[in-house]
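What follows is calculated from the coordinates using simple rules that are stated; it is not laboratory data. Owing to the predicted nature of the structure, the values given are computational and were not obtained by experimental measurement. FYI the Cβ positions are ideal-geometry reconstructions off the backbone, even for glycines, and counts take in every protein chain you see.
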Amino acid sequence: MKPPTPFWIRVPATTANLGPGFDAFGLALNLYNYISVEPGHPAVPDPFFADVVDAYHKARKIPKKPYRVLVRGNVPRSRGLGSSATVRLGILASLDMVYRRKPDLAWLIKTAAALEGHPDNITAAAMGGFVVCAGMNPARTRISPRLTFVAAIPKLELATRTARSVLPSKVFLQDAVANLRNASRITAAFFTGKYEEAAGAFSDRLHQPYRAALLPGLEETIQSAEKAGAIGAFLSGAGPTIMAICMKREALIGAAMAKALRKAGHRSIEVRHLRADNEGMKALCSIPAKL
Ligand code: HSE
């Protein structure tokens, strides 16, 4: 079966958790992957793509077929920027186009989040903006272009599975309460657009302290960003990218973060200045010539 026209699904990168909102907060960024599927045999079937295709056929109750999956774009893999979410959503949405299904964002989020194991990156990538995940009823708000997201990306791949394996299965009540307070402050600030009021609320006690063992310099880099003027900084998703949110001194903040990471022994660090994406996943007829 042929899709209506040549098409690509553009899916934004995301930052998740934002410190205290572990597995609950996601925010889409203006960095994109473009995904397309064509019925046909891939030269070498990719097990990651195959899992998504299998899940699609099972959920839609359509007999299984092979596809060639094309992924283009700029979202780095295994860096805490939601690359796997872009591919999962992109394949599912592409298959819906191949089978001429009506777009159903809630179904796509549910199916992709089940594959991912947590909904934060998926929900933000699908809807754009800032989201607070809550089953089938995420809360969402647009994010102003006044905010810059400075991503310090160390040259180090960190599998989410590994970064989750170091987390405890139980947490202390006072740590949960501290996170609850901070997460509520961030939500209030983002939903009212009073971003400065989130300053001091990005600290976390549920996952970052454990993940710091996997990423030398995490604490120091967060502190350097906040000292240089960021509203807040945190581990992006499961890492290793460290993200700072700011409205001024972006260049200084990026330089301070790179310096702190270098001091902790990281040799190669890419610093990117990003903005929020408020559109979420969308279908396009072509991809930009220059990616
Ligand atoms: N909330 C997830 C985690 C995001 O921190 O493990 C993974 O990108």
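Could you please report the charge total around ALA230, scoring K, R as +1 and D, E as -1 over all other residues with beta-carbon less than 10 angstrom from its beta-carbon?
Local net charge: +1.
Would you mind computing Rg(Cα) / (2.2 N^0.38 Å) for the chain, counting N as its residues?
Expressed relative to 2.2 N^0.38 Å, the Cα Rg reads 0.99.
How much net charge surrounds PHE149 when only other residues with a Cβ under 12 Å from its Cβ are counted (Lys, Arg +1; Asp, Glu -1)?
Taking every other residue near PHE149 into account, the sum is +1.
For each pair in LYS61/LYS282; LYS102/LYS290; LYS65/LYS110; LYS64/LYS290; LYS110/LYS290, compute the distance between the two Cα atoms and list the pairs where it is over 27 Å.
LYS102/LYS290; LYS64/LYS290; LYS110/LYS290
Translational D (Stokes-Einstein, µm²/s) of region 231-291 at 4 °C and 1.567 mPa s when Rh comes from the Kirkwood sum over C-alpha pairs? Display every interim value, and only then the final one.
Numbers: Rh = 14.1 Å.
Rounded to a whole number, D works out at 92 µm²/s.
Would you calculate, for the chain, the mean residue ellipticity at 222 nm contributed by helices, counting each DSSP H stretch of 4 or more residues as -39,500 (n - 2.57) and dividing by all residues, to the nearest 500? Spell out each step's value before the answer.
On the way: 9 runs with 104 residues, N = 291.
Per the formula, -11000 deg cm²/dmol.
Show me the chymotrypsin sites (Phe, Trp or Tyr not before Pro) within region 172-247 that DSSP assigns to loop and that have at most 16 other Cβ atoms within 10 Å of their Cβ.
Sparse-neighbourhood loop chymotrypsin sites (Phe, Trp or Tyr not before Pro): PHE172.
Give me D for region 85-236 in µm² s⁻¹, whole number, from Stokes-Einstein with Rh from the Kirkwood sum over alpha-carbon pairs, 37 °C and 0.692 mPa s.
Approximately 187 µm²/s, per Stokes-Einstein.
What number do you get for region 148-274 when its Cα radius of gyration is normalised by 2.2 N^0.38 Å, N = residues?
Cα Rg divided by the expected 2.2 N^0.38 Å: 1.04.
Find out how many positive minus negative residues lie around LEU291, taking Lys and Arg as positive, Asp and Glu as negative, among other residues whose Cβ is under 12 Å from that of LEU291.
+3
Could you state the principal axis extents of the C-alpha atoms in region 33-97, from the largest down, to the nearest angstrom?
Cα spread of region 33-97 along its principal axes, largest to smallest: 34, 25, 20 Å.
So how do 212-218, 10-16, 237-243 stack up, highest first, on mean other-Cβ count within 10 Å? Please report the intermediate quantities before stating the final value.
Working: 212-218: 18.4, 10-16: 29.9, 237-243: 26.9.
In decreasing order of mean packing, 212-218, 10-16, 237-243 become 10-16, 237-243, 212-218.
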